[in-house]
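The numbers here are math on the coordinates, done by the rules we state, and not lab data. Computed from a predicted structure; not experimentally measured. Cβ placement follows ideal geometry from the backbone for every residue including glycine, while neighbour counts extend to all protein chains displayed.
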C-alpha cells in the first residue's frame, strides 16, 4: 500500500494497512459495480455479450477477467466539438502545459495566446489549421487534430474480476492505458503535448476524442468533468454525459473501480493515496474496498495503478493507433506518443525499462546520453531506434 499524498490520522492509516493484510492483498467487493462482471458495461457499447473468462495477470498468476468487446462508439453517446473551423468558433478543450498552463476552451483567446508563444494554429483569414489524423498528414507546423470514426473497429478489454494489489504501483505516463468506462469507452492518460509534436489532438468538452484508429476514448473522468471546469475557471460544460460527483465512472485496468470526486455520502475523501485511491464504501451498504476517485484538476484520472493488470488487456482490429497490431504515431499525430514496444524491441530491452529510463532522464526533454547509459546501449543505437520526423 502506498503512502497517501495527503495527511491523515495514524489510526486511519493503520486501518487501511490492517484491511489489506487481513484480505491477503485481495480486494474483493460485494456490490454490483465494485468489481467488474458480465453486466458492468452498457449493452449499447458491446459488440457481443460480455463474459467472465480465464486470463493471466502480468505477474504470471492465473485469474478470471471480465471480457468486453466494445464498439468504436457506444450507440447513444454524442461526441464533439473538437477543432474549431475559424477563430470565431468554439471548439473543445485542451490541457496546455506551456507558459500559462491550464485547461482552456479551444477558441480565439486561447489560440491567440498560443500564437504569442510561437505556436500558430490559424492563418491571416482566421481559419484554423486542422487535419484528420486517420486519413491525412499535417501540412503546417501547428495543426489542430481531429479524426473520423471507423465503424468497423472494435476493441477487446480484459479487466480482473477480483483485483489484486501489486507489490509496487505503476505510474501512468502519456497515453497510458487507464481502464474502461461503464459506458464501454476506453480510458487513457493525458494526450501527447503540443510541446512534443507541435500539433493539438483536441478533446471535446467531455474529455474525449477519436483515436487515429477510428474509435473514441476518454482522457478524463467524463462524469465529473464539470467539477474541473468550475475549479479551474474554464468556460466549458460537459453536456453529453450526466454529471455526478459520487457516481462510478468505470474500472481501471487493475480491476479497481473509479468514482467521482466525492464519497458516496457526499463528503470529500481526506485519505487518498498518491494514485488517488483509498479503502472505503463505494456504495451504500457495501463492504469497504479499495477504489479510485477523480481529481479536481485536469486530467482528473488516477496518476498510477495500485493493482496488477491482465496480460494482453487491450487490443483492437483498427488499422492503426493505440492497441493496433501495427500501431504507430498516436493521438498526438506523427511523432506523437512513442511506440515504446517497437523501440525497446530494436534495442533488446524491456518496454518498461525504456519508459522508466526516459522518465528518469527528463521525460519529453530526456537526455539521450543518460537514457543510453541507463539502458546499457550506445547513443547511436538509441537514436537509430527512435522515430524520426513524420514517422
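The modelled label-to-label distance for the pair residue 167/residue 39, using points 7 Å beyond Cα in the direction of Cβ, is 3.9 nm.
Put in order of Cβ neighbour count within 10 Å, fewest first, the listed residues 143, 108 become 108, 143. The modelled label-to-label distance for the pair residue 274/residue 116, using points 7 Å beyond Cα in the direction of Cβ, is 3.7 nm.
So if we plug the beta-carbon distance of residue 97 and residue 237 into 1/(1 + (r/R0)^6) with R0 = 25 Å, what FRET efficiency do we get, rounded to 0.05? That pair, residue 97 with residue 237, gives E of 0.65. Note on residue 109 and residue 132: the extension gain reaches 5.9 nm, defined as 0.36 nm multiplied by sequence separation minus the Cα-Cα distance.
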